[in-house]
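*Asks:* Quick one: the structure is below, and I'll ask about it shortly.
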Amino acid sequence: MIDPKRQAELRESIEIFFFAYRAFTTPPDRILAERGLGRVHHRILYFVARSPGIAVNALLGVLDVSKQALHAPLRELVDKGLIAATPAEHDRRVKQLVLTDAGAALEAALSGTQLAMLEKVFADAGLEAEAAWRGLMEQISRSR
């Protein structure tokens, strides 16, 4: 049960989190909208960039989505020439994903806005605040 005395502070934290997330996602959302893409496309590009050659099934696990939810946006990225899907050498049924040069450039532009924001905020806040923020975000991400 939530302590009624803490509810106002916790609700304020929810609002801060919401507004921070909006500020964090707005710059890449604008770039994506120019190309007719959305946030799901950014997530796919980001994790394929972080793990070149990732198998589709592994990407499903990282994103925690169904095959059906991934299929259409991944197909769009392949059709737009941003991601290449090739059969794995060990098993031709396994599709491995890599960014094309155009996909890498787009991912760098999208994530670059977020990297710049984090770099500035962390520099202003200091190393202790950055470490505390990382700890909190890790706790939140594991508390599902």
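The values are calculated or read from the model by the stated rules, or taken from the named source; none is laboratory data. Quick caveat: nothing in here was measured; it's all calculated off a predicted structure. For neighbour counting, all protein chains shown are included, and Cβ atoms are generated from backbone atoms with ideal geometry for every residue, glycine included. Each accessible area value is taken on the protein alone, full model and side chains, heavy atoms only, with ligands, DNA and RNA left out. Shrake-Rupley method; radii C 1.70, N 1.55, O 1.52, S 1.80 Å.
*Asks:* Give the residue that is farthest from GLN114 (Cα to Cα), with candidates limited to residues of region 36-51 that are among the small types (Gly, Ala, Ser) and surrounded by 11 or more Cβ atoms within 10 Å (Cβ to Cβ).
*Replies:* SER51
*Asks:* Can I ask one more? I need a count of the residues in region 36-57 that are part of a helix (DSSP H, G or I) and either under 15 Å from the mean Cα position of the chain (by Cα) or not hydrophobic (A, V, I, L, M, F, W, C) (or both).
*Replies:* So the answer is 13.
For (1) of a type in the set (Gly, Ala, Ser); (2) within 20 Å of ARG39 (Cβ to Cβ); (3) assigned to a helix (DSSP H, G or I); (4) open to solvent by 80 Å² or more (accessible area, probe 1.4 Å), each residue gets a yes or a no:
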{"residue": "VAL78", "(1), (2), (3), (4)": "no, yes, yes, no"}
{"residue": "THR86", "(1), (2), (3), (4)": "no, no, no, no"}
{"residue": "ASP91", "(1), (2), (3), (4)": "no, no, no, no"}
{"residue": "ALA109", "(1), (2), (3), (4)": "yes, yes, yes, no"}
{"residue": "THR113", "(1), (2), (3), (4)": "no, yes, yes, no"}
{"residue": "GLU119", "(1), (2), (3), (4)": "no, no, yes, yes"}
{"residue": "ASP124", "(1), (2), (3), (4)": "no, no, yes, yes"}
{"residue": "ALA131", "(1), (2), (3), (4)": "yes, no, yes, no"}
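*Asks:* Going through region 52-73 one residue at a time, which ones are touching a strand residue (DSSP E or B) at 6+ places or on another chain (Cβ under 7 Å) and surrounded by 13 or more Cβ atoms within 10 Å (Cβ to Cβ)?
*Replies:* Answer for region 52-73, where residues must be touching a strand residue (DSSP E or B) at 6+ places or on another chain (Cβ under 7 Å) and surrounded by 13 or more Cβ atoms within 10 Å (Cβ to Cβ): ILE54, ALA55, VAL56, LEU59.
*Asks:* Right, another one. Looking only at residues that are assigned to a helix (DSSP H, G or I) and open to solvent by 100 Å² or more (accessible area, probe 1.4 Å) in region 22-35, which one is nearest to SER141 (Cα to Cα)?
*Replies:* Going through the qualifying residues, I end up with ARG22.
*Asks:* Scan region 101-116 and report the pairs whose first residue is farther than 10 Å from HIS42 by Cα and whose second residue is open to solvent by 30 Å² or more (accessible area, probe 1.4 Å) and among the hydroxyl-bearing types (Ser, Thr, Tyr), with Cβ atoms within less than 9 Å and a gap of 6+ or a chain change.
*Replies:* As it stands, the answer is THR113/THR26, since those pairs meet every condition given.
*Asks:* Considering region 14-39 alone, what residues qualify as being under 21 Å from LEU70 (Cβ atoms), of a type in the set (D, E, K, R) and without any contact (Cβ under 8 Å) to a residue 24 or more places away in the chain?
*Replies:* Matches in region 14-39: ASP29, ARG39.
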